[in-house]
1. I need the strands (runs of 3 or more DSSP E) fully contained in the stretch 475-564, keeping only those with at least 1 residues that are closer than 25 Å to Gly625 by Cβ and at pLDDT 90 or above.
2. Taking Gly251 as meeting all but one of (1) in contact with a helix residue (DSSP H, G or I) (Cβ under 9 Å, 6 or more places away or on another chain); (2) in a loop (DSSP other than H, G, I, E, B); (3) free of Cβ contacts under 8 Å to residues at least 24 places away in the same chain, write down the number of the exception.
3. Just to check your reading of the model, which residue among Leu88, Leu114, Leu65, Leu41 is outside the structural domain of Leu25 (by TED's automatic domain parsing) and among the hydrophobic types (A, V, I, L, M, F, W, C)?
4. Restricting attention to the stretch 254-287, report how many residues are surrounded by 13 or more Cβ atoms within 10 Å (Cβ to Cβ) and among the charged types (D, E, K, R).
5. Consider only pairs whose beta carbons are under 9 Å apart and that are at least six residues apart or on different chains; among these, list those whose first residue lies in the stretch 327-355 and is farther than 22 Å from Thr581 by Cα and whose second residue is small (Gly, Ala, Ser) and assigned to a loop (DSSP other than H, G, I, E, B).
6. Have a look at Glu302, Glu345 and point out the one that is exposed (fewer than 15 other Cβ atoms within 10 Å of the Cβ), more than 30 Å from Thr245 (Cα to Cα) and touching a His at 6+ places or on another chain (Cβ under 9 Å).
Amino acid sequence: MSERLLLVDDEDDIRRFLGMFLADLGYEVQAASNGTNALELFETFKPAIVLTDIKMPGMDGLELLKRIKARSPETEVVMISGHGDMDLAIGCLQYEAADFVTKPINHDILDAALKRIDEKLALRRQLRQYTENLEKLVSEKSHRVVELERQLAAGEMVETMCQAISGLSADFGDKAGYFNEMPCFVAVHNRSLEVVATNQLYKERLGDMVGHHSWEAYVGQALRGFDGPVWKTFETGKGQRSRETMLCKNGRELPVMVHTSPLGQRNGKVELVLELAVDVSEIKRLQEELRVTQQKYMDLFEATPCHIALRDRDYRIVANNTLFKEDFGEGVGKLCHQIFRHRDEPCPDCPVDVTFADGAPHTLEAVVTCLDGRTKNVLTFSAPIRNGKGEITEVMALSTDITQIRQLQDHLTSLGLMLGSISHGVKGMLTALEGGVYRLESGIKRNDAARIADAGDTIKSLVGRVRNLVLNVLYYAKSRDMAGEPVDITHLATNVAQIVEPKAARERIAFTWDIPAGLGAVPLDTANISAALVNILENAIDACAADTGKDAHAITFRAATTADAVIFDITDNGMGMSQETREKAFTLFFSSKGLKGTGLGLFIAHDVVKKHGGVIDLSSEPGVGTQFHIVIPRQ
């Protein structure tokens, strides 16, 4: 089917020509000239995709994105940005924009972005249909269970009926009508264990047993002798209840629930016994069908290639499938936010809470961490589980792994994001460099040594920022192996420290380094390793600068070598990280700095170390500080 698409732009030509292109792609398109009109049209048109410009008079694209996501989180929004809008574009990604394209719009790039969104929408519909089918199956079998319980309750009612019928005497003449209308097999036995009377249903199904021994109607009773329920009632004077198998006159065996009750006593002895046998063959059939259905349900539950967890209103997991246990451990009885996302408090964006509130399915895309430390992007669907009264007692959360889809999407968008980011960043730094050069020239003309030194420091700092930005672009421009040229570790670490020291001084942070002489040479990609260390150190400086809870801050940088590896330690007493932040620290585009960060620095550092065969161990505590322990093997 064709998707509905809402195009929002304040330029008439873009709305007209871009609308024609989108219609040719098969979309049902409507257009709006500003954010206010777009919101009004959104309520009636209900598009699956919104394509909006960022810079517009009145309500801009970022505000429109926030309002659309608040009303319809599943609507996919693509942002149109100019060359100077990249900070806003990055902000849009952090507010769950699906993608962005730059002006002038390349139709091939826009077509590729829309195809990715169409695939995501199709996957979402498929998973929703799968969840609804599973709900329907559970509902149908729940009704069967309720029906089975009703039929089993009939067995309990028979005992009460026995007590009511126990007033019948041996003379059945006046009671024969009532006696024959009983909807079960009814027989009366004497002390000689002979059948003295039966109802009509007994005769039709089991035959005329009057005058026969009491046990002859039962399969296997002849071998048991006088050990049946009738005999036990005569012996004990009390009613009996047991499951037996009776033999129909056509030779078919019939499972029954037998109830016996004493009728009248003389000299303390039971004179007659009333026997009622209820046909339970349908119950047995339903029990078997229920068992098979439950087994199929459990097989489906366990074999589903998604993480499935059932949660109650107290955030406790009541059931989870095999894949969930493999990736997150046994969660039954534990708090879902601790197991699934390692949080001490419930997740503020939890779709399960919303489903408990409104009874409707909901979705959420999130990053989770497995037991072995692997991170996964998952798309979670929530669906209510109701009891026989229609009340929601539990909610099922079904999470499918979309890591590969997200990685592909990130890979395709990262180059565009980096190019836009470098354009915007270089523009600002060139302006600052022009100012620094002007101050340098004026200082030279005035022979002002202090002005010359200050201008030189500014230019050095800006050159360092340009260098880091260019290194990031070069890193993403081409996928390649690390160049392993021998490099002197003491020299490399000293250069890194000297690059970072001026920025630490400007932020009034005590920066010390412990770099022994003669650490030796190790094959490393000098440019990329230097950039990775600078990224981590600058992240430490930002963490200290953002921490207002301490009077003084300090950063320590250490380098060392062993027979097998090169080791770098970076420690700060900045604001620290929560467990959730630690687990996402090396994720592309994740930043705890809001719009001040791009989420690229630590991702690049981690990738560089990993490509050298090394590891980064991150330990941190909120309010205390952070330590990065980097180990790179010599070979």
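1. It comes to 510-514, 554-561.
2. Tallying (1) in contact with a helix residue (DSSP H, G or I) (Cβ under 9 Å, 6 or more places away or on another chain); (2) in a loop (DSSP other than H, G, I, E, B); (3) free of Cβ contacts under 8 Å to residues at least 24 places away in the same chain, Gly251 fails exactly one: (1).
3. Every option except Leu114 fails the conditions.
4. Of the residues in that region, 3 qualify.
5. Close Cβ pairs (under 9 Å, with a partner that is small (Gly, Ala, Ser) and assigned to a loop (DSSP other than H, G, I, E, B)) amount to Val354/Ala360.
6. Every option except Glu345 fails the conditions.
Condition check ((1) surrounded by fewer than 20 Cβ atoms within 10 Å (Cβ to Cβ); (2) assigned to a helix (DSSP H, G or I)) across all residues:
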position	(1), (2)
Gly19	yes, yes
Glu40	yes, yes
Glu63	yes, yes
Lys69	yes, yes
Glu74	yes, no
Cys92	no, yes
Phe100	no, no
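Conditions (1) crowded, with 22+ Cβ neighbours inside 10 Å; (2) in contact (Cβ under 8 Å) with a residue 12 or more places away in the chain; (3) in contact with an Asp or Glu (Cβ under 7 Å, 6 or more places away or on another chain), marked per residue:
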residue: Thr494; (1), (2), (3): no, yes, no
residue: Pro502; (1), (2), (3): no, yes, yes
residue: Ala505; (1), (2), (3): no, no, no
residue: Ala517; (1), (2), (3): no, yes, no
residue: Thr548; (1), (2), (3): no, no, no
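The values are calculated or read from the model by the stated rules, or taken from the named source; none is laboratory data. Small disclaimer: the values here were computed from a predicted structure and weren't measured. Cβ coordinates were reconstructed from backbone atoms using ideal geometry, including for glycine residues, and neighbour counts include every protein chain displayed.
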